[in-house]
1. Compute the relative contact order of the chain as a whole-number percentage, counting only Cα pairs closer than 8 Å that sit 6 or more residues apart in sequence.
2. Over its Cα atoms, what ratio of radius of gyration to 2.2 N^0.38 Å does the stretch 123-240 give?
3. So what are the ³J(HN,Hα) numbers for the stretch 37-44, from phi and the Karplus equation (6.51, -1.76, 1.60; θ = phi - 60°), rounded to whole Hz, Gly and Pro as x?
4. Only four residue types carry charge here, +1 at the Cβ of Lys and Arg and -1 at the Cβ of Asp and Glu. Report the dipole size of the chain about the Cα centre in Debye, rounded to the nearest 20.
5. Rg to Rh ratio, the stretch 269-336, alpha-carbon atoms and Kirkwood radius?
6. Treating cross-link reach as a plain straight distance, find the lysines whose alpha-carbon is under 30 Å from the alpha-carbon of residue 16, omitting any fewer than eight places away in the same chain.
7. Through the Karplus equation 6.51 cos²θ - 1.76 cosθ + 1.60, θ set to phi - 60°, convert the phi angles of the stretch 185-196 into ³J(HN,Hα) values in whole Hz; use x for Gly and Pro.
8. If I model a spin label as a point 7 Å beyond the Cα along the Cα-Cβ vector, how far apart are those points for residue 238 and residue 346 in nm?
Amino acid sequence: MHLLKQLTQSSTTIPKKYLHLSKQEMEYNIRQIKNQLGTSLFIPGHHYQKDEVIQFADAVGDSLQLAQVSEKNSAATYIVFCGVHFMAETADILTTDEQIVLLPDMRAGCSMADMADIYQTKRAWEKLTQQFGDTILPLTYVNSTAAIKSFVGKNGGATVTSSNAHTMIKWAFTQKERILFLPDQHLGRNTAADIGIHLTEMAVWDPIHDELLFSGNPDKIKVILWKGHCSVHENFTLNNIEYVRKQYPNMKIIVHPECKKEVVDASDYNGSTKYIIETIEQTEPGTAWAIGTEMNLVQRLINNHPDKEIISLNPYMCPCLTMNRIDLPHLLWSLESIMEGTPNNQIIVPEDIAANARIALDRMLERA
Ligand code: 13P
Ligand code: SF4
């Protein structure tokens with residue numbers, strides 16, 4: 001659901017009583033409900049969630065891992081997804097009709113996913129296939145609406161996460177001559193460059209003006225990047241890197257590939273959320289790291305690794321605001337709605353959309 005639409009839906013607003021409960025009361029009540037519901041309740045939590053929420057997660061992971069565990073969990077009737085809207089949609093697509101997926105706060109969207117809607121996608125596809133014929137395979141980052149996943153599935157394409165983007169882009173080129181990569185231009189550009197595609201072979205699709213941005217011979221285009229980005233990861237800059245290099249000459253810099261290419265190129269390592277976590281876990285005590293990713297995760301890594309010196313690459317970095325919408329009051333509200341028999345904020349992807357979206361997800365999951 002588009003962020004603006006969510007914000008104007010009064011039925012999705014938390015009742016005031018939750019705002020007056022103490023942290024201890026909320027934690028106690030959540031624990032009680034979790035005990036009562038047992039395995040009929042499953043709480044997946046994305047790494048970018050706050051600690052106050054993560055403490056109650058039954059599984060913690062990146063977007064790929066959470067898609068996989070949701071699909072495998074057939075025991076739970078209720079899946080209370082502590083992440084953002086597109087992740088809850090993915091869980092609904094991958095689980096059975098009897099399973100109920102809830103998002104504790106409907107305002108937990110993703111600004112990147114909001115940068116591509118299905119109408120823009122269909123317009124882009126029409127224009128691009130007019131120009132390039134049947135030579136394009138669509139790939140969409142999972143950070144996109146179910147409708148876009150469905151469109152991609154229907155047109156022979158697949159979803160991608162940051163931890164399998166290389167595999168999926170390589171696969172796409174076994175299918176067609178060129179790809180349309182939605183909606184994150186940076187993940188698309190960084191990954192395509194990694195597998196040897198030159199920047200001069202990449203164009204950008206501007207969905208606001210419905211135009212292809214490219215200078216040169218269009219026949220050379222191999223990758224068409226949707227002009228979208230993550231508002232969190234775009235905040236890491238070359239200035240941040242220069243500052244760290246000067247102040248902490250021994251520090252290694254590791255960033256997420258949602259960062260701009262110039263930042264990825266100037267860092268020492270780049271990779272998915274899972275890759276960043278594993279790199280920090282496996283590194284020697286006493287090493288020093290500046291991390292360019294979401295702040296809740298960076299703070300957790302700092303707390304979990306007191307034997308290593310860890311800072312955020314951007315000291316003024318904020319957490320992802322939409323991920324942060326999920327908090328103790330909303331988690332408790334969601335769980336109490338289950339106990340009252342009126343589950344709140346259920347995410348339902350209509351069957352006609354879910355069927356093709358599932359095909360796009362399956363093409364990824366069988367290669368992940
Ligand atoms: P991953 O969990 O795939 O690394 O994605 C990061 C992200 O921005 C999730 O919204
Ligand atoms: Fe979306 Fe970026 Fe937040 Fe991930 S970190 S949910 S991509 S805005």
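1. 22
2. Ratio of Cα Rg to 2.2 N^0.38 Å: 1.00.
3. Rounded to whole hertz, the list is 7, x, 6, 6, 10, 9, 10, x.
4. Computed charge dipole of the chain: roughly 320 debye.
5. Rg divided by Rh gives 1.07.
6. Hits, sequence-local ones excluded: 5, 34, 50.
7. 4, 6, 4, x, 5, 4, 6, 4, 4, 4, 8, x
8. 5.2
The values are calculated or read from the model by the stated rules, or taken from the named source; none is laboratory data. Just so we're clear, the structure is a prediction, and the values are computed from it rather than from any experiment. Every residue, glycine among them, receives a Cβ derived from its backbone with ideal geometry; neighbour counts consider all protein chains shown. When the accessible area is computed, the model is the full protein with side chains, heavy atoms only, and any ligands, DNA or RNA have been set aside. Shrake-Rupley method; radii C 1.70, N 1.55, O 1.52, S 1.80 Å.
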